[in-house]
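Notes follow the structure.
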Amino acid sequence: MTRVEAVGKGSGAAVGVDIGGTKTVAALVAADGTVRERRQAPTPAGAGPVAVLDTAARLAAELLPGDGPGPTVVGVGTAGTVEPATGTIRYATASLPGWTGTRVADELAGRLARPVRVVNDVHAAALGECWVGAARGGRD
């Protein structure tokens with residue numbers, strides 16, 4: 001049994017992906033916030049949105065089991081203004097040219113056969129701090 005299979009469905013495991021202008025990082029995260037496994041690659045920002053999405057999908061797929069139980073959701077944090085209801089980039093930053101209008105959630109969900117939720121990367125970092133970091137237990 002691989003580490004990915006050991007975390008498994010029902011454990012609350014998820015795959016998180018951080019798409020930045022210079023690097024993309026994916027991690028398999030247990031329900032308690034423990035990072036079980038991690039992958040990283042340079043972000044091919046200059047090659048356009050399809051190349052960026054391909055990189056993110058490849059890294060996330062390496063952490064998902066080929067078949068059977070496993071994480072049921074993929075969370076993505078990315079630079080730019082994100083429409084949270086659709087996971088579409090409203091406004092890109094200079095670090096990800098051509099990113100505006102990219103339907104990140106739909107594109108990655110199609111590649112990974114999992115629901116994908118997308119938020120701005122700064123918001124994702126703040127949520128992580130509230131969950132298991134320095135802001136844990138804070139009220140605001």
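Inspect region 64-80 for any residue being at pLDDT 95 or above and charged (D, E, K, R) and give the result as yes or no.
No, that holds for no residue.
Within region 93-119, track down each residue that is among the aliphatic types (A, V, I, L, M) and in contact with a helix residue (DSSP H, G or I) (Cβ under 9 Å, 6 or more places away or on another chain). Let's see the steps before the verdict.
Keep residues of region 93-119 that are among the aliphatic types (A, V, I, L, M), which gives 94, 96, 104-105, 108-109, 112-113, 116, 118-119.
Of everything in region 93-119, those that are among the aliphatic types (A, V, I, L, M) and in contact with a helix residue (DSSP H, G or I) (Cβ under 9 Å, 6 or more places away or on another chain) turn out to be LEU96, VAL104, LEU108, LEU112, VAL116, VAL118, VAL119.
Filter region 99-121 down to residues that are at pLDDT 95 or above and assigned to a loop (DSSP other than H, G, I, E, B) and give me whichever is surrounded by the fewest Cβ atoms within 10 Å (Cβ to Cβ).
Checked region 99-121; the qualifying residue surrounded by the fewest Cβ atoms within 10 Å (Cβ to Cβ) is GLY101.
So, in region 90-121, how many residues would count as being in contact with a strand residue (DSSP E or B) (Cβ under 8 Å, 6 or more places away or on another chain), touching a residue at least 24 places away in the same chain (Cβ under 8 Å) and within 14 Å of ILE19 (Cα to Cα)?
12
Please verify whether region 39-53 includes one or more residues that are of a type in the set (Val, Ile, Thr), exposed (fewer than 14 other Cβ atoms within 10 Å of the Cβ) and within 16 Å of THR22 (Cα to Cα).
Yes - at least one qualifying residue is present in region 39-53.
Given the criteria out of contact with any Gly (no Cβ under 6 Å at 6 or more places or on another chain) and surrounded by 14 or more Cβ atoms within 10 Å (Cβ to Cβ), does GLY80 qualify? Spell out how you get there, then give the answer.
Details: out of contact with any Gly (no Cβ under 6 Å at 6 or more places or on another chain): yes; surrounded by 14 or more Cβ atoms within 10 Å (Cβ to Cβ): yes.
In short, yes.
Considering region 83-98 alone, what residues qualify as being open to solvent by 20 Å² or more (accessible area, probe 1.4 Å) and in a strand (DSSP E or B)?
Hits for region 83-98 are GLU83, THR88, ARG90, TYR91.
Condition first: of a type outside the set (Asp, Glu), at pLDDT below 95, assigned to a loop (DSSP other than H, G, I, E, B) and open to solvent by 30 Å² or more (accessible area, probe 1.4 Å). Now tell me which residues in region 15-38 satisfy that.
If the condition is that a residue be of a type outside the set (Asp, Glu), at pLDDT below 95, assigned to a loop (DSSP other than H, G, I, E, B) and open to solvent by 30 Å² or more (accessible area, probe 1.4 Å), then ALA31, THR34 are the ones that fit.
The values are calculated or read from the model by the stated rules, or taken from the named source; none is laboratory data. All values derive from a computational prediction rather than experimental measurement. Note that each Cβ is placed from the backbone with ideal geometry, even for glycine, and that neighbours are counted across all protein chains shown. To get the accessible areas, we keep the full protein, side chains included, count just its heavy atoms, and leave off ligands, DNA and RNA. Shrake-Rupley method; radii C 1.70, N 1.55, O 1.52, S 1.80 Å.
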